[in-house]
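Just below is one structure, and these are the notes that go with it.
The values are calculated or read from the model by the stated rules, or taken from the named source; none is laboratory data. Everything numeric here is computed off the predicted structure, so don't read it as measured data. Cβ atoms come from the backbone with ideal geometry, glycine included; neighbour counts cover every protein chain shown. Note: areas computed on protein heavy atoms with side chains; ligands, DNA, RNA excluded. Shrake-Rupley method; radii C 1.70, N 1.55, O 1.52, S 1.80 Å.
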Amino acid sequence: MKIVHKILLISCIFLFPFVMLNAQHTTKKKKTTTTATKKVSSKKKNKKTTSRSKSKANTKNEQTNAANPMGETIRMAEKQNAESKDTITPRVVNVTSAFKPVLKNAAKINFTAATPIFDSSKIDVTYNIPSHNLFFTYQPVSIKAVAYEPDSATIWSNSQYVKIGYGNYASPHIEAGATFGNPKSTTVNLYGKYIASNGNLPFQDYNKTNINANINFNLSEKNELIVKGLYYNSNQYKYGFTTGSFTKDQLQQQFNLIGGGVALHSKGLSEYGITYHPEINVSNFTDNRNANEFSVLIKAPINKSFGKSFAFDLSATADLSKLYQPTIALPYTNLNNNLFYLNPSLQFKTNNFKINGGIQPSWDNNSFSMLPNVSAEIKLNEEKKLVGEIGWVGSFSKNTYRSLTEYNPFIAQPGNLLNTKIIEQYIGIKGSTGNHFTYNARFSLLKVNNLALLTNDTAINNTQTFITLFEPELQGIKLHGEIGYTWQEKLFATAAINYTNYTQQQQYNKAWGITPIEINGTLRYKITKDFVVKGDLFFWDGAYYRNPNTLISDKLPVAIDFNAGAEYTIAKRLNLWLQMNNIFNNKYQRWNQYQVLGFNFLTGVVYSFH
């Protein structure tokens, strides 16, 4: 028995270190399990409670085992046997660190309300706007006293105005204009004017009425149709008689014109590069002596472009007229004057060069003529915008009873009508200097056939009547010069000179009724937005005429005519205007035996309904 106790004692002493080591291992395992259990989510709280209970039970068991080492030894042996039978590795979660999500501190922008700093500096902006100049070949026209019409490029607007005035020669002036419609569909333009005057000389009276109407139909984006009508009436007397006694009916010269026309215009290039502008005009011209002239003018121009450099022009014109004069004996009772011509030409242009080459086959009352149509332009200086030009061109000027009365209202019914053929060879320059000055100069050699000459009738008591004669052929030289100055829309000034000298006449020794030298100048100045002044100066050398008594050619004196006018806005729609003519009171003669009015003025108001 003692031996058994000794064996048990020795076994306990031997197993005691192993029991203590196992107890320490169990304590560590309990602490790891407890830490892992605390980190599990709230959904596993029941499991945490169970783990704590088991840990307390194990702790009690361990304390009991510590007091009873033999029992512990037996239980360890049983546990080792159980573990040897279970081959499944237990699942253990090792937490090496604890994660705690924390939001990062956001940087907040702080705004401070304050007024902006005032900037008083000015920005200087410089615009380089090129000068757009238009060059027109000057054509002399009859001198007329007309009212100043301010030129302005504005958007279309319907407007109406009435201009009324009166002058010192019992001269009423009535003028009105109106525009209606929509430019996208149809627009209507109406214009009417009436002027009259009673001079100091017997029968030095006249009155004129002019009415025009234009209707534009916008057919599409590419075409527009223009319908126009006109009425013109003028009444004057042949007051230039030197002998005899006459009544008003014997001296009266009254002319009436009624006409109209239709034109179709293309607004731009078609998809095939073609533009066209056909038109037809019809008019009937009469006088107070039963003369009747019916005219038809048909034009059909067409242009075809080939790229940017080449273009082909083709124009066909038929100008037909028939004058019926019952007071003139046959064969001049009916005068047919027909003119047909074609104008094909080829154009080539680049940035520095332009040439036009073509011909003009013409049929003048069954008489065929082939006229040249060749011209060229070349840039001589790019900086100074200098362009040189040269050409050889021919044309016809249609002479009708109507056109002759517009040139001289004191003529008799023509006994014959011929058309003037002109062939011109010219060389010249044109260009601009800076942004304001323009200039144009040309020297021409002329060859003219059937030039209309107007001279006094040689019949007794009829020298106040002018008759029309036609010079078969003559040659001449012509010099034309023109300068212009434009400053914004405030100042506009031009000056031009024309010198013409005809020589080598075949039938008549002088070109009667043609002024050899003409000089004219125009000034328009807008002092303020409400005040505009203007001036016109005309100077010409006297024309040659044939003395009806001696049949000797003589020359009229030099003539100077200076006109001035002004317009002032006194209200939003009301303007005052003043026009003074022949300020120098120079009683010159444009036509032999016909003295013009001296100094005269007109004044009135303009009311706008816009």
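The rows are residues; the columns are (1) touching a Ser or Thr at 6+ places or on another chain (Cβ under 9 Å); (2) over 19 Å from residue 406 (Cβ atoms); (3) aromatic (Phe, Trp, Tyr).
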site: 282; (1), (2), (3): yes, no, no
site: 292; (1), (2), (3): yes, no, no
site: 296; (1), (2), (3): yes, no, no
site: 301; (1), (2), (3): yes, yes, no
site: 307; (1), (2), (3): no, yes, no
site: 310; (1), (2), (3): no, yes, yes
site: 322; (1), (2), (3): yes, no, no
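Taking the condition without any contact (Cβ under 8 Å) to a residue 60 or more places away in the chain and farther than 30 Å from residue 414 by Cβ, does residue 375 pass? Criteria met by residue 375.
Within segment 556-574, can you find the residues that are of a type outside the set (A, V, I, L, M) and surrounded by fewer than 19 Cβ atoms within 10 Å (Cβ to Cβ)? Within segment 556-574, 557, 562, 568, 569, 572, 573 qualify. Here 385, 398, 421 are screened, and the one residue that is farther than 22 Å from residue 284 by Cβ, charged (D, E, K, R) and modelled with pLDDT of 95 or more is 421. Scanning segment 556-610 for residues that are small (Gly, Ala, Ser) and over 38 Å from the mean Cα position of the chain (by Cα) yields a count of 2. Scanning segment 382-396 for residues that are surrounded by fewer than 16 Cβ atoms within 10 Å (Cβ to Cβ) and either assigned to a loop (DSSP other than H, G, I, E, B) or more than 37 Å from the chain's Cα centre (by Cα) (or both) returns 382, 383, 384. Close contacts from segment 339-352, counting a first residue that is in contact (Cβ under 8 Å) with a residue 40 or more places away in the chain and a second that is not in a strand (DSSP E or B) and not hydroxyl-bearing (Ser, Thr, Tyr), with Cβ to Cβ under 9 Å and a gap of 6+ residues or different chains, come to 339/365; 339/398; 339/419; 349/308; 350/308. Checking each residue in segment 571-599 for being in contact (Cβ under 8 Å) with a residue 12 or more places away in the chain and over 22 Å from residue 519 (Cβ atoms) picks out 573, 574, 575, 576, 577, 578, 593. Of all the residues in segment 430-445, those that are open to solvent by 50 Å² or more (accessible area, probe 1.4 Å), closer than 16 Å to residue 485 by Cβ and without any contact (Cβ under 8 Å) to a residue 60 or more places away in the chain number 3.
Restricting attention to segment 516-555, the residues being in contact with a Phe, Trp or Tyr (Cβ under 8 Å, 6 or more places away or on another chain), surrounded by fewer than 17 Cβ atoms within 10 Å (Cβ to Cβ), β-branched (Val, Ile, Thr) and farther than 20 Å from residue 501 by Cβ number 2.
What about residue 188, is it closer than 28 Å to residue 286 by Cα and in contact with a strand residue (DSSP E or B) (Cβ under 7 Å, 6 or more places away or on another chain)? Give the steps one after another, and end with the answer.
Working: closer than 28 Å to residue 286 by Cα: yes; in contact with a strand residue (DSSP E or B) (Cβ under 7 Å, 6 or more places away or on another chain): yes.
Yes.
For segment 199-221, the candidate set comprises residues that are touching a strand residue (DSSP E or B) at 6+ places or on another chain (Cβ under 6 Å) and not in a strand (DSSP E or B); within that set, the residue that is surrounded by the fewest Cβ atoms within 10 Å (Cβ to Cβ) is 219. For segment 261-301, the candidate set comprises residues that are within 22 Å of the chain's Cα centre (by Cα) and part of a strand (DSSP E or B); within that set, the residue that is surrounded by the fewest Cβ atoms within 10 Å (Cβ to Cβ) is 274.
Take the conditions (1) without any contact (Cβ under 8 Å) to a residue 60 or more places away in the chain; (2) within 16 Å of residue 337 (Cβ to Cβ); (3) part of a loop (DSSP other than H, G, I, E, B); (4) polar (S, T, N, Q); residue 399 misses just one of them, which is (1).
Condition test on residue 462, is it without any contact (Cβ under 8 Å) to a residue 12 or more places away in the chain and surrounded by fewer than 20 Cβ atoms within 10 Å (Cβ to Cβ)? Even if it seems obvious, please write down each step before you answer.
Working: without any contact (Cβ under 8 Å) to a residue 12 or more places away in the chain: yes; surrounded by fewer than 20 Cβ atoms within 10 Å (Cβ to Cβ): yes.
Against the criterion (without any contact (Cβ under 8 Å) to a residue 12 or more places away in the chain and surrounded by fewer than 20 Cβ atoms within 10 Å (Cβ to Cβ)), residue 462 qualifies.
Residues considered: 320, 335. Of these, the only one that is part of a strand (DSSP E or B), surrounded by 13 or more Cβ atoms within 10 Å (Cβ to Cβ) and over 36 Å from the mean Cα position of the chain (by Cα) is 335. Among residues of segment 222-240 being open to solvent by 50 Å² or more (accessible area, probe 1.4 Å) and of a type in the set (Lys, Arg), the one that is nearest to residue 591 (Cα to Cα) is 228. As a summary of the residue check, residue 312 satisfies the conditions (1) open to solvent by less than 40 Å² (accessible area, probe 1.4 Å); (2) in contact with a Lys or Arg (Cβ under 6 Å, 6 or more places away or on another chain); (3) under 27 Å from residue 266 (Cα atoms) except for the one numbered (1). Within segment 470-491, the set of residues being open to solvent by 30 Å² or more (accessible area, probe 1.4 Å) and in contact with a strand residue (DSSP E or B) (Cβ under 6 Å, 6 or more places away or on another chain) comprises 473, 475, 477, 478, 479, 482, 483, 485, 486, 490, 491. For a quick check of your reading of the model, give me the residue pairs whose first member lies in segment 498-512 and is on the phi > 0 side of the Ramachandran plot and among the hydroxyl-bearing types (Ser, Thr, Tyr), whose second is modelled with pLDDT of 95 or more and open to solvent by 40 Å² or more (accessible area, probe 1.4 Å), with beta-carbon atoms closer than 9 Å and at least 6 apart or on different chains. Short answer, once both residue conditions are applied: none.
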